[in-house]
Amino acid sequence: SVNFIRDPGVRAAVDKVYRRGIWAVLGGFITCLVLLMIGIRFIYRFGSDQATDEHVRGTMLVSSPVLKKAVRQFGRIPEVTIAGVPMPKGSDTSHVMLMGGSGSGKSTVLKEMLTGVRRRGDRMVVYDYTGDFVSLFYRPGKDVILNPLDARSAGWDLWQECERDYEFDRMAESLIPDRANGGDPFWIMGARIVFSAMAQKIGREPNPSIEKLMHAILNVSIEEITHYVRNTEAASIISSGGERMAISVRDWIRQDEGDSWVFLTCRDDQRTALRPLITVWMDTAISALSSIPPDDNRRVWFSIDELPTLNKLPSLFDGLAGIRKFGGCIIVGIQSYSQLVSVYTRDGAQTIAGGCASWTVFRYNNYEGAAFASKTLGNS
């Protein structure tokens, strides 16, 4: 056996096997090391991809440059900007909500938007409750001011706005709002029915006028009112001539041409007196747009800053939902969420918010409004 071990041939074979074993172990180690490095690299890359958030849908919090880039890729309306960011293409007819407390910058952004609308050459109806927009944008001889207490105001004919009997009922709803604190609805409904019936009756007389209607409402006796409304539904509620005026908001909408604007104005000391009338004008304008043929290229804007300072607009809900195809673009501005709820109820406030696709939210001075804006925008 000793001789066998010492045999040169055996020793050569053992050395060969030993060397090959070492090389096999070394090669296997190197191979495993390479595979391990490849595996680690793959796992690192795959894990990094998995760890990165992927936006599928919903809101995102991004910087202004990123938002501008996204809008450029999507398509934009270059003339109309919100805080320096162009509106995405098609978003104008999806309506805009501006929310924020006094002095937060809401009016500045609204002026920026109106400047873009004027540059674009679109028509617009502006509720100007301070007179600032008239001073900046009014063009004598081209634009129209409606304010019976302003010497520049055009005349207005109530009967040109109401072509059908039910439109008098809508006007009465705008003029005579529901009571904020509830109460017996009989008195509200009764007043609306009487106003509607009297307006219809006077409209059928020769030379109907606002003067005649005001005289009938304020000065005549119960017996005379009963005469006006006999043979109408208002009869159950109750046991001098002038030329027609110069403008109809409905007819202005139907003209469907030019870049004229209508300003519905008032001062602070006029707001209470003019609130019902301005509500009628704005409500008539919104509803009238739906009475003309749809047009994808038409744009008629409605700027309603401080919406809760008006009476409830009966046409607003339908307008936010349905005037897109008619080219209607509504800008709603509110300073106080609680005021919006007091006029439209909580469900109505949610409906208005849901009808506006573009939101600009500024500082809020109360928790309820801030919480409402935060919940509506969503968490990022």
Here the qualifying pairs (Cβ atoms under 6 Å; residues six or more apart or on different chains; first in segment 264-285 and assigned to a helix (DSSP H, G or I); second surrounded by fewer than 17 Cβ atoms within 10 Å (Cβ to Cβ)) come out as Q270/L149
With criteria (1) under 12 Å from the mean Cα position of the chain (by Cα); (2) of a type in the set (A, V, I, L, M, F, W, C); (3) at pLDDT below 90, A370 comes up short on (1)
Log entry, pairs with first residue in segment 196-210 being open to solvent by less than 10 Å² (accessible area, probe 1.4 Å), second being of a type in the set (K, R), beta carbons closer than 6 Å, six or more apart or on different chains, reads I202/K212
Over segment 261-270, the set of residues within 22 Å of the chain's Cα centre (by Cα) and not aromatic (F, W, Y) is V262, L264, T265
When segment 274-299 is checked residue by residue, the ones that are open to solvent by 20 Å² or more (accessible area, probe 1.4 Å), under 17 Å from the mean Cα position of the chain (by Cα) and not polar (S, T, N, Q) are R299
Of the residues in segment 94-106, those that are buried (at least 19 other Cβ atoms within 10 Å of the Cβ) and assigned to a helix (DSSP H, G or I) number 1
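Out of P140, P206, which single residue is modelled with pLDDT of 85 or more, on the phi < 0 side of the Ramachandran plot, assigned to a loop (DSSP other than H, G, I, E, B) and touching a Lys or Arg at 6+ places or on another chain (Cβ under 9 Å)? First the steps, then the outcome.
Values: P206 fails: touching a Lys or Arg at 6+ places or on another chain (Cβ under 9 Å).
Criteria check complete, one pass: P140.
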Of the candidates L114, L110, the one satisfying the condition of being touching a Gly at 6+ places or on another chain (Cβ under 7 Å), surrounded by 15 or more Cβ atoms within 10 Å (Cβ to Cβ), closer than 19 Å to F362 by Cβ and aliphatic (A, V, I, L, M) is L110
- prompt: Scanning for something surrounded by 12 or more Cβ atoms within 10 Å (Cβ to Cβ), at pLDDT 80 or above and among the small types (G, A, S), does segment 44-65 turn up at least one residue?
  reply: no
By residue number, the members of segment 345-380 that are of a type in the set (A, V, I, L, M, F, W, C) and farther than 26 Å from D92 by Cβ are A370, A371
In the set V80, V125, V71, the lone residue that is closer than 26 Å to D295 by Cβ, touching a strand residue (DSSP E or B) at 6+ places or on another chain (Cβ under 7 Å), part of a helix (DSSP H, G or I) and not basic (K, R) is V71
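The values are calculated or read from the model by the stated rules, or taken from the named source; none is laboratory data. Quick caveat: nothing in here was measured; it's all calculated off a predicted structure. We place every Cβ from the backbone using ideal geometry, glycine too, and count neighbours over all the protein chains shown. Side chains included, ligands, DNA and RNA excluded: accessible areas come from the protein's heavy atoms. Shrake-Rupley method; radii C 1.70, N 1.55, O 1.52, S 1.80 Å.
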